[in-house]
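The structure appears right after this line, and notes come after that.
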Amino acid sequence: MAGVLRILLVVFCPLVLSESGDDDWYEREVTCTSTLTLVQTNLTCSLNDEPNEEVKLAALCRRSDKMCEKATLGLQDFTFENLFVLVEYNLKVHIGDEVIQKRINLRKIVKIPAPEIKLATYMEDTNSVFIWFEHNHDYITNPVFQMEIWRDKPANKFIRPMLKYRNYSISMDELGGAGVYYTRVRAKPDGYFNGDWSEWSSTASFTIKTNSTVHIAIGCSVFLLVIIILGALLWRMQYLHFCL
């Protein structure tokens, strides 16, 4: 029996240690994004859920000729500047006695800026909402967009359409009637260049008014105008009477 226990310990202990090591390795994963412009191409990396001060050295080496350069270490991340878009790299990050290695393809991890909403308005003549936004990037000219439209609270998301164009229309009935709505949009590279979603744009708002609300507003305006006219006529009659 004792011999069997020894065999089990010999077999399973290395497996347990190996799994523990894999977990530690996973926790020390590095996330990188590239910033591409016609003037400059940079790579920014950071440790997942760990302070950047753990990094002793980070180097980026070209896979073709093994030429390397060291990263500029910051408080939250570390960066490499003036890279080549079409060159593939190997990243080595030294953390204590460990070395994390990662293959880097700048075209597949592009970080693009958030879109900018230019107009979000309700059009009474068509009973629909029109939203128009802009997005500019030197390389990514046709990203995919995702829009969010919600009512009253951000937690209550109403609709999240995927878009290829920089404008969107939706009817009042599809939204759910009158009220104050909010919208925002983000972008993601798609195709030859790829990457994760951008940050969300600033939030824009629009108000939908029902016909009854419009009629009430018109009625109030007409009533107020009548009161003003009657008041003016009464003042004129009193003035003429005073003069006579």
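The values are calculated or read from the model by the stated rules, or taken from the named source; none is laboratory data. Here the structure is a predicted model, which means the values were calculated and not measured. Positions of Cβ are backbone-derived with ideal geometry, glycine not excepted, and every protein chain shown enters the neighbour counts. Side chains included, ligands, DNA and RNA excluded: accessible areas come from the protein's heavy atoms. Shrake-Rupley method; radii C 1.70, N 1.55, O 1.52, S 1.80 Å.
Among the residues making up the range 117-171, those that are assigned to a loop (DSSP other than H, G, I, E, B), over 21 Å from LYS209 (Cβ atoms) and basic (Lys, Arg) are ARG160, LYS164, ARG166.
Once the range 191-211 is narrowed to residues that are under 12 Å from TYR122 (Cβ atoms) and open to solvent by 30 Å² or more (accessible area, probe 1.4 Å), the residue that is modelled with the lowest pLDDT is THR210. Is there a residue being open to solvent by 70 Å² or more (accessible area, probe 1.4 Å), of a type in the set (S, T, N, Q) and within 28 Å of the chain's Cα centre (by Cα) anywhere in the range 75-83? Yes, because at least one residue in the range 75-83 is open to solvent by 70 Å² or more (accessible area, probe 1.4 Å), of a type in the set (S, T, N, Q) and within 28 Å of the chain's Cα centre (by Cα).
I need a count of the residues in the range 39-68 that are hydroxyl-bearing (Ser, Thr, Tyr), under 28 Å from the mean Cα position of the chain (by Cα) and open to solvent by 20 Å² or more (accessible area, probe 1.4 Å). Don't jump to the end; show me each part of the working.
Residues of the range 39-68 that are hydroxyl-bearing (Ser, Thr, Tyr), as a first pass: 41, 44, 46, 64.
The next check asks that each one be under 28 Å from the mean Cα position of the chain (by Cα); those that pass are 41, 44, 46.
Checking which are open to solvent by 20 Å² or more (accessible area, probe 1.4 Å) leaves us with 44, 46.
Total satisfying the criteria: 2.
Just to be sure before I move on: is GLU124 among the charged types (D, E, K, R), under 18 Å from PHE206 (Cβ atoms) and in contact (Cβ under 8 Å) with a residue 24 or more places away in the chain in the structure I sent? It is true that GLU124 is among the charged types (D, E, K, R), under 18 Å from PHE206 (Cβ atoms) and in contact (Cβ under 8 Å) with a residue 24 or more places away in the chain. ARG103 - would you say it is assigned to a helix (DSSP H, G or I), at negative phi and either touching a residue at least 12 places away in the same chain (Cβ under 8 Å) or in contact with a Cys (Cβ under 9 Å, 6 or more places away or on another chain) (or both)? In short, no.
Of a type outside the set (Val, Ile, Thr), out of contact with any His (no Cβ under 8 Å at 6 or more places or on another chain) and over 30 Å from THR37 (Cβ atoms): which single residue out of MET162, MET172 fits that description?
The unique qualifying residue is MET172.
Could you tell me whether any residue of the range 157-169 is closer than 27 Å to VAL110 by Cβ, among the small types (Gly, Ala, Ser) and either in contact with a Gly (Cβ under 8 Å, 6 or more places away or on another chain) or at pLDDT 80 or above (or both)? Looking through the range 157-169, none of the residues is closer than 27 Å to VAL110 by Cβ, among the small types (Gly, Ala, Ser) and either in contact with a Gly (Cβ under 8 Å, 6 or more places away or on another chain) or at pLDDT 80 or above (or both).
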